[in-house]
Structures are given as C-alpha cells and as structure tokens.
Amino acid sequence: MTRETTDFEHVRRMRAENPKMRERDLARMLGLSEAEFVSAFCGHGVSRIEVRFDEIFTGLGGVGEVMALTRNESAVHEKIGVYDRFVPGKRAAMMLGADIDTRMFPAAWVHGFAVAKTGEDGVERLSLQFFDAHGDAVHKVHTRPGTDTAAWTALVESLLADDQEPGLTAEVTPAEVSARPALERDKQDALRERWQALTDTHQFHGMLRDLDLHRLNALTLAGDDYAWPLAEGAVPAMMQAAAESGQPIMCFVGNRGCIQIHSGPIAKVAPMGPWLNVMDPGFHLHLRTDHITESWAVRKPTSDGHVTSIEAYDADGTLVIQFFGVRKEGRAERADWRGLVEGLARPATIAAE
C-alpha cells in the first residue's frame, strides 16, 4: 500500500486500541508491512531519516550503550553494548565491537525511521528502525539508561529527511521465498572436491554460488563426513548443554540486510510456549523452535583444522539460526564444542542404519 491508499488515522487508532500488541503483529493484522505501519506515525512520534549508512554507524559510536536487535521470522537476537570498530563497505559492512558484532549489507537498508514511544510507565523510549524494500525490518537500535541522549538527538537531527509525511511513496511487496530446487546429484562429486579444498569458513558461500547449489541441498549431498542431520530438539539440547557447561558459543541470526552475532557463554535458557529464550545480561535470544523443521551438524575444513557448526532451517528451507564454538583465528576448534555437537542425537531412522 502507498500513502495514497493507506488510512493512517485508522492505523493509529488501531495502535491506541491495542497498546500491548507488537507492531509487527499489528501490522500483519492490518495487511501492512512493518515499514508501512511505522511510517503511518510520521509526525506522531516518528521521523523519517535518510539511510546514510556510514554516517549512521559512525554517529552511533558516540551515543554510548544501546541495544542492537536483528531478527527474522523465527528468531530475535538482542545485544547490549556500544557500536564501535565500524568497518565500512559498499557491498558489506561490519561492526566488530566486543559486544555488538554484525555483518551488514547496505543495499538492503532502504527505509529508516527515528521512533519515540512513551511506555505505560511514562518513560520515553527511543529507537532507530531500518527496513528493506519489502518493508521487513533489517535492524533496530534502542536506547538504554546509559545512552547519551544528547548525542542521539544530534545524530537523528543530522539524518532527518525533508519528507516527513506519513506513509511510503513506493509500494512494498512481500519478498518471494525461493523454493528449494530438486536435489542435483550430478553435482555431488564437484561439491565434495570443493568442500574438501576449503581453507576458511567464509569460502563456503562462494562455493555454493559457483556450483549454483541451495544450501540445504549441499548439506544433503556432502556426505556425513561433512554434514549430517540432527534429531528434533537438537538445538534446545545443545543450548541447554552449553549453558550447563559454561563453554562459550557463537550464535548467528540474520536476514537479508544484517547478521548479528553473540560470542560468549549463555546461562539462562528458558522455554516459554513455542519460544526458547536466553535471558542473560547483555544478550537475549528468542527462538521459535516450532519453526525449525531441519537441523544439521556441519564440518568445514579450515587451515586450522575442521570447524563444526549447527544450522537450523524452517519449512521453506531458510536458515533460521546458526551456532559455532568460540574460536580464535589460528587456533583449533574447542574440543568441548566439537564433542557437544558430535554427541547430539541423530534422527532415529538414520541412527538405526
């Protein structure tokens, strides 16, 4: 919907009538993307900002402690910290701070808004919210009690767009989900040859691109010396075991525009309905385990020995979440992480063979 076809007063009224409902869910109920929903409040606590990528992340370095949020349909990843060690790039940029660690793809950052929202407790909460061309959120930044609000306000004012009318000028359309193609067994030999030759985990995407292989199909064809399926419930079992052992893990959650990473131990793992939650100081994770239809253990060769990961996928074959053991460059993978993954249950039909 465009600004010509959206009833902004109705959207704002629905927000007032449903104060506890999440914007994402309310937008969906109204048949809007989240970007369209947020844009309806321009002039009512929301300001449109220009997505000048390098200025945004350079400026965020001066506002102090904030909360960074990246999500997809099935997982929400929240990290508290400071935006520091920004590495710019036109195709891919990075934030390499001790707490906030991201890989960002600027072309997907299309719509930006500064949001001021007063909660039921009367406290005003500020955020920057960024959306892709489909109106889906790619990244959000929320203030914390320790945020320098003067620096935050100055950054927002420097980014304000001339157009502050409600709505979006361009219509957004839902993103198409790429169907998982049929298994191409004729590519198996080439895949295994390329896989065996890997020397860095970052070469994996290039290998898939060169061979034109869907990621899940590559796991299926790789052979169980490189990838094997895990039983239902493997991801919660791994997280609980990691929490009990105290070993540090890496947790990746991403979407089309941003991947956000936690590196360190996790302590409090708590299920709540379909959600599995990590509620630790500095790191929150909310994972819809009922969305996970396949999970795999994956081995990738590197110059420091093979590296083991866990990958979880939804019914569309989309990667939901990924885990590694924390590892310093130039050092072998931790034995406790490798043992944890290799000890996870496999599907009964596989284990019985």
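The values are calculated or read from the model by the stated rules, or taken from the named source; none is laboratory data. Not measured: the values here are computed from a predicted model. Cβ sites come from the backbone with ideal geometry, for glycine too, and all protein chains shown count toward neighbours. Accessible surface is based on the protein model in full, side chains and every heavy atom, while ligands, DNA and RNA are left aside. Shrake-Rupley method; radii C 1.70, N 1.55, O 1.52, S 1.80 Å.
Remarks
- For region 286-348, trypsin sites (Lys or Arg not before Pro) meeting the loop criterion (DSSP other than H, G, I, E, B) and having at most 15 other Cβ atoms within 10 Å: LYS328, ARG331.
- Long-range HN-HN contacts of VAL320 with modeled amide H, under 5 Å: ALA312, TYR313, ASP314
- Projected label distance in nm at ASP121 and GLU17, using a 7 Å step from Cα toward the beta-carbon: 2.9 nm
- Ranking ARG194, ARG15, ARG91, ARG28 by solvent-accessible area of protein heavy atoms (1.4 Å probe, all protein chains present), from largest to smallest, gives ARG91, ARG28, ARG194, ARG15.
- Which of GLU329, GLU171, GLU50, GLU73 is most accessible, then next, and so on - probe 1.4 Å: GLU329, GLU171, GLU73, GLU50
- Efficiency of FRET between ALA315 and ALA270 - r from beta-carbon atoms, R0 25 angstrom, step 0.05: 0.50
- Applying a DSSP loop filter and a limit of 11 other Cβ atoms within 10 Å to the GluC sites (Glu not before Pro) in region 101-160 leaves GLU120.
- Sparsely packed GluC sites (Glu not before Pro) within region 174-267, loop by DSSP, other Cβ within 10 Å at most 13: GLU176
- Averaged over its residues, the chain has an accessible area of 48 Å² per residue, based on protein heavy atoms and a 1.4 Å probe.
- Between the labelled values (i) 18.9; (ii) 28.9; (iii) 16.8, the entry that holds mean projected area of the Cα convex hull in nm² as derived from this structure is (i).
- Spatially, region 298-349 and region 8-82 are offset by 33 Å when compared through their Cα centroids.
- Pairs from LYS187/LYS300; LYS90/LYS117; LYS187/LYS328; LYS140/LYS268; LYS90/LYS140 whose Cα-Cα separation, in the structure shown, is over 22 Å: LYS90/LYS117; LYS187/LYS328; LYS140/LYS268
- Each Lys and Arg adds +1 at its Cβ and each Asp and Glu adds -1 at its Cβ; summed about the Cα centre, the chain shows a dipole of about 520 debye.
- Per-residue SASA entry for LEU159, accessible area with 1.4 Å probe, Å² rounded to 10: 0 Å²
- Residue by residue, region 14-22 carries 3J(HN,Hα) couplings of 5, 5, 5, 7, 10, x, 8, 7, 5 Hz when phi is fed to the Karplus relation 6.51 cos²θ - 1.76 cosθ + 1.60 (θ = phi - 60°); x denotes Gly or Pro.
- Residue ranking by accessible heavy-atom surface, 1.4 Å probe, largest first, among VAL115, VAL87 comes out as VAL87, VAL115.
- Within the assembled protein chains, the solvent-accessible surface assigned to THR293 is about 80 Å², based on a 1.4 Å probe.
- Residue-wise HN-Hα coupling along region 102-118, computed from phi with Karplus coefficients 6.51, -1.76, 1.60 (Hz; x: Gly, Pro): 9, 10, 10, 10, x, 4, 8, 8, 9, 10, x, 9, 9, 10, 10, 9, 8
- Acute angle (nearest 10 degrees) that the helix 234-245 long axis makes with the longest principal axis of the chain, alpha-carbon atoms: 90 degrees
- C-alpha long axis of helix 149-159 to longest principal axis of the chain, angle in °: 90 degrees
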